[in-house]
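Notes for the one structure printed next.
The values are calculated or read from the model by the stated rules, or taken from the named source; none is laboratory data. It should be emphasised that the depicted structure is a prediction, and the values quoted were computed from it without experimental measurement. Neighbour counts run over all protein chains shown; Cβ positions are idealised from the backbone, glycine included. Surface areas here come from the heavy atoms of the whole protein model, side chains and all, with no ligands, DNA or RNA. Shrake-Rupley method; radii C 1.70, N 1.55, O 1.52, S 1.80 Å.
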Amino acid sequence: MSLPAQRMDAALFDSVAVKCKWSERSLGVAKLLIVEGVPLSEAAAAHQMSPQQANVIRGRFLAKADKHRVEEFMAREKPKLSSTALEPFSAEIKTLREKGYTIEQIVVFLKENGISTSPTTVRNYLRNITT
């Protein structure tokens, strides 16, 4: 089973490659496969490696590219509400939960105190402060 032909433009490739501490050989085979769309066997032969090695390099580079995309998104977009906004209410949130209040009721309490949040954020916050 082979990987689907995943392509990317040269600019994105170069921005990911700059962060890699890879040999020119590995980057070269990755570029042939991912940017130029050269068949696996040809790209491997051009860099004196087996198709399996070239395939591993492609997979690892694509994983780095995915991580790069996420990091760029996080640098560009800030979360609308992080759980740190809930920290001033930590004691109240724990008390409400211990007294049997539901997550939805805690969200209402927070809203009444000027914090607009979601049940998922409160649930995750409780999970983090109780472990």
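Being touching a residue at least 12 places away in the same chain (Cβ under 8 Å) and in a helix (DSSP H, G or I) is the filter here; which residues of region 38-52 pass it?
Leu40, Ala43, Ala44, Ala46
Evaluate the following for Lys111: is it loosely packed, with under 14 Cβ neighbours inside 10 Å and touching a residue at least 40 places away in the same chain (Cβ under 8 Å)?
Taking the combined requirement at face value, the residue does not satisfy it.
Do any residues in region 88-99 that are under 11 Å from Leu126 (Cα atoms) have Cβ atoms under 8 Å from those of residues that are outside any helix (DSSP H, G or I) and open to solvent by 70 Å² or more (accessible area, probe 1.4 Å), where the two are at least six apart or on different chains, and which pairs are they?
Correct list of pairs: Lys94/Thr130.
For (1) within 30 Å of Val18 (Cα to Cα); (2) of a type in the set (Lys, Arg); (3) exposed (fewer than 11 other Cβ atoms within 10 Å of the Cβ); (4) touching a residue at least 60 places away in the same chain (Cβ under 8 Å), each residue gets a yes or a no:
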site: Ala65; (1), (2), (3), (4): yes, no, no, no
site: Val70; (1), (2), (3), (4): yes, no, yes, no
site: Ala75; (1), (2), (3), (4): yes, no, yes, no
site: Ile103; (1), (2), (3), (4): no, no, no, no
site: Asn128; (1), (2), (3), (4): no, no, yes, no
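Each row is one residue, and each column tells you yes or no for (1) over 22 Å from the mean Cα position of the chain (by Cα); (2) at positive phi; (3) at pLDDT 95 or above.
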site	(1), (2), (3)
Leu3	no, no, no
Phe13	no, no, yes
Lys21	no, no, no
Glu24	yes, no, yes
Leu32	yes, no, yes
Val38	yes, no, yes
Ser41	yes, no, yes
Ser50	yes, no, yes
Gly59	no, no, yes
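Only one residue in Ala85, Ala54 is at pLDDT 95 or above and either open to solvent by less than 40 Å² (accessible area, probe 1.4 Å) or farther than 30 Å from Phe13 by Cβ (or both), so which one is that?
Ala54
What are the residues in region 35-46 that are over 20 Å from Leu12 (Cα atoms) and open to solvent by less than 40 Å² (accessible area, probe 1.4 Å), if any?
Passing the criteria: only Ala44.
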